Amino acid sequence: MYGGMHGITLAFGFTLIGVAQDYPVHVFSHLRPGEAPGHTARVLWRTLLTGVVSTCIAYLTFFFSGVDGLRQLAVFTITGLLTAALTTRYLLPPLLDPPVRDPADSGWVRTLSRWIDAIPRPGPAAGTGVIAVLALAAAAVASLAPGPFWENDLSRLTPVPEAALAEDGRLRSELGAPDVRYLLAVEGADLEQALQASEQLLPVLEALVASGAISSYETPARYVPSAATQRARQARLPEPAALRAALEAAAADSPFRAGVFAPFLADVEAARTARPLRPQDLAGTPLEAAVSGMLVEGEGGRVTALATLGGLEDAEAVAAAIAPSGARLLDLKETSESLVQAWRGQVLAALAVAALLLAATVWLALRAPRRVARVLVPMALTLVLTLAILRAAGVELNLFHLVSLVLGAGLGLDYALFFERTGNDRREQLRTLHAIVVCGSMTALVFGLLALSPIPVLRAIGATVTIGVAGNFILALLVARRQVPATGGAV
């Protein structure tokens, strides 16, 4: 579909292996002695499909986010999850034999279930109040925690250590390298006008160097002057006869042999009559990359000429000096942050739509308000708690946190759906507990390791999903799972 793959798609897509392997684990944990694996898969399919469809809906909204990397991630994720689910339902069961032992008889599962059942729980009314208070407290922490709520600086996501970045800045300053944050931009209706406008900036830039506002500059006109400038320079070259006569007069009393300057005369004539140099003439030379990066063609053939600045000390002075010429000082950091804000707004809008579609999907599957609430409340509360924990830890949220929140929500929905499915069947509860403990442990281990990564992007993904998995597991146990004594009746 795209001809290539963004790094975020591949990196985040591989983390979904942990989600895909949950599906066969649910089948393995619900197999019973004497029961055909195909029957087990059919019984689980409705619940499994609801979770898969809900997660796919959440990621489908990324397709409309306006961010190419997220569009690819949506395609990657939806394709992968549907493939894993269909494989679990139709291809895996024929490869399995009925088990010799029921997972519900595992000693560690029964012990864990007793510990969970021993946790005191409030009644329905009091429980609703506790959840509401917890949600309000978490929302207050998330919104009132000190520091910016959102991280807009893309440079903070680099895996390069801060010490190395500081050293890079020092070396660039000592070498007089251009400042990578600021650019001068001037537009023209075509290439010739853009180059002429770039040339008109030269006196202004020289004055800025003299005043100390900048230390150096580079413009495309330095390498490829406008055609008008080149023709003016050609016009100053003498005619061949005049140049020959001047050379002969100058060399008359010198030891130079006659005709020694003939190649020079030929070169001057060639330069005088040559067509103007164009940027495309630099193709294949070391100057090609430098010039092509400073001349950007836009819609309708308009061309923008860019100039790099070195040692910029006073951005306001530079902006004021170039304003009369129609040039603009571009702050790439500010521009990138505005783009991040726009993308985030699109993603948040898409997630709001996804939340509505997800709730509708669960409603269609369960068709009972209390059952829907028991599934959605743990996931929603975990989202708020995750935000609160991250913000309390001083974390500024970025795009990768948002993507990871969706993944955590999808996992949490699966946990609650399977606990809700068991109802008052004690042995089925034990099988479900077995499955979710195995799934949650694997996911928490994988993403917990990512949370320890020194790379900011991986750390953001790992920490967010790990907190989400732990929160969803605990809240699904307390809200979606019903207390049923070992003798069978509901409490």
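The values are calculated or read from the model by the stated rules, or taken from the named source; none is laboratory data. It should be emphasised that the depicted structure is a prediction, and the values quoted were computed from it without experimental measurement. Cβ atoms come from the backbone with ideal geometry, glycine included; neighbour counts cover every protein chain shown.
Worth pointing out:
- Taken over region 324-374, the criterion of being among the β-branched types (Val, Ile, Thr) and over 17 Å from Leu402 (Cα atoms) is satisfied by Thr335, Thr361, Val362, Val372.
Here is a yes/no grid of residues against (1) at pLDDT 80 or above; (2) over 17 Å from Leu402 (Cα atoms); (3) more than 25 Å from the chain's Cα centre (by Cα):
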position: Leu16; (1), (2), (3): no, no, no
position: Arg32; (1), (2), (3): yes, yes, yes
position: Ala41; (1), (2), (3): yes, yes, yes
position: Leu49; (1), (2), (3): yes, yes, yes
position: Tyr59; (1), (2), (3): no, no, no
position: Ser65; (1), (2), (3): no, no, no
position: Leu82; (1), (2), (3): yes, yes, no
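- Enumeration of residues in region 92-143 that are outside any helix (DSSP H, G or I) and acidic (Asp, Glu): Asp97, Asp102
- Filtered residues of region 360-375 (kept if crowded, with 22+ Cβ neighbours inside 10 Å and out of contact with any Lys or Arg (no Cβ under 9 Å at 6 or more places or on another chain)): Val375
Conditions tested, residue by residue: (1) farther than 16 Å from Ala480 by Cα; (2) modelled with pLDDT under 85; (3) crowded, with 20+ Cβ neighbours inside 10 Å.
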{"position": "Asp425", "(1), (2), (3)": "no, yes, no"}
{"position": "Leu430", "(1), (2), (3)": "no, no, yes"}
{"position": "His434", "(1), (2), (3)": "no, no, yes"}
{"position": "Cys439", "(1), (2), (3)": "yes, no, yes"}
{"position": "Ala451", "(1), (2), (3)": "yes, no, no"}
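- Residue check, Thr219 surrounded by 14 or more Cβ atoms within 10 Å (Cβ to Cβ), hydroxyl-bearing (Ser, Thr, Tyr) and either in contact with a Phe, Trp or Tyr (Cβ under 6 Å, 6 or more places away or on another chain) or farther than 27 Å from Ala317 by Cβ (or both): no
- Long-range neighbours under 8 Å by Cβ, at least six apart or interchain, first residue of a type in the set (Lys, Arg) within region 456-468, second surrounded by fewer than 24 Cβ atoms within 10 Å (Cβ to Cβ): Arg459/Leu450; Arg459/Ala451; Arg459/Leu452; Arg459/Ser453
- Ala359 meets all of the listed conditions (1) of a type outside the set (Val, Ile, Thr); (2) within 17 Å of Ala476 (Cβ to Cβ); (3) outside the structural domain of Val109 (by TED's automatic domain parsing); (4) touching an Asp or Glu at 6+ places or on another chain (Cβ under 8 Å) but one, namely (4).
- Annotation: Val403 fulfils all but one of (1) in a helix (DSSP H, G or I); (2) crowded, with 16+ Cβ neighbours inside 10 Å; (3) at pLDDT 85 or above; (4) not aromatic (Phe, Trp, Tyr); the unmet one is (3).
- The single condition among (1) in contact with a Pro (Cβ under 7 Å, 6 or more places away or on another chain); (2) not assigned by TED's automatic domain parsing to the domain that holds Ala213 that Gly310 does not satisfy is (2).
- Beta carbons closer than 8 Å, at least 6 apart along the sequence or on distinct chains, pair a first residue in region 346-361 that is over 12 Å from Tyr59 (Cα atoms) with a second that is at pLDDT below 80 and aliphatic (A, V, I, L, M) for Gln346/Val67.
- Arg482 being of a type in the set (D, E, K, R) and modelled with pLDDT of 80 or more: no
- For region 333-342, the set of residues classified as modelled with pLDDT of 75 or more and in contact with a helix residue (DSSP H, G or I) (Cβ under 7 Å, 6 or more places away or on another chain) consists of Val340 only.
- Restricting region 28-54 to residues that are of a type in the set (S, T, N, Q) and out of contact with any Ser or Thr (no Cβ under 8 Å at 6 or more places or on another chain), the residue that is farthest from Leu376 (Cα to Cα): Thr40
- Residue ranges of strands (runs of 3 or more DSSP E) in region 223-338 with at least 1 members more than 35 Å from the chain's Cα centre (by Cα), free of Cβ contacts under 8 Å to residues at least 12 places away in the same chain and surrounded by 14 or more Cβ atoms within 10 Å (Cβ to Cβ): none
- Qualifying residue in region 380-401 (condition: on the phi > 0 side of the Ramachandran plot and out of contact with any His (no Cβ under 8 Å at 6 or more places or on another chain)): yes
- Here Thr382, Thr432 are screened, and the one residue that is assigned by TED's automatic domain parsing to the domain that holds Thr128, among the polar types (S, T, N, Q) and closer than 24 Å to Val43 by Cα is Thr432.
- When we screen Thr61, Thr77, Thr47, Thr55 for residues that are assigned by TED's automatic domain parsing to the domain that holds Thr464, buried (at least 19 other Cβ atoms within 10 Å of the Cβ) and either among the basic types (Lys, Arg) or within 13 Å of Arg89 (Cα to Cα) (or both), the only hit is Thr47.
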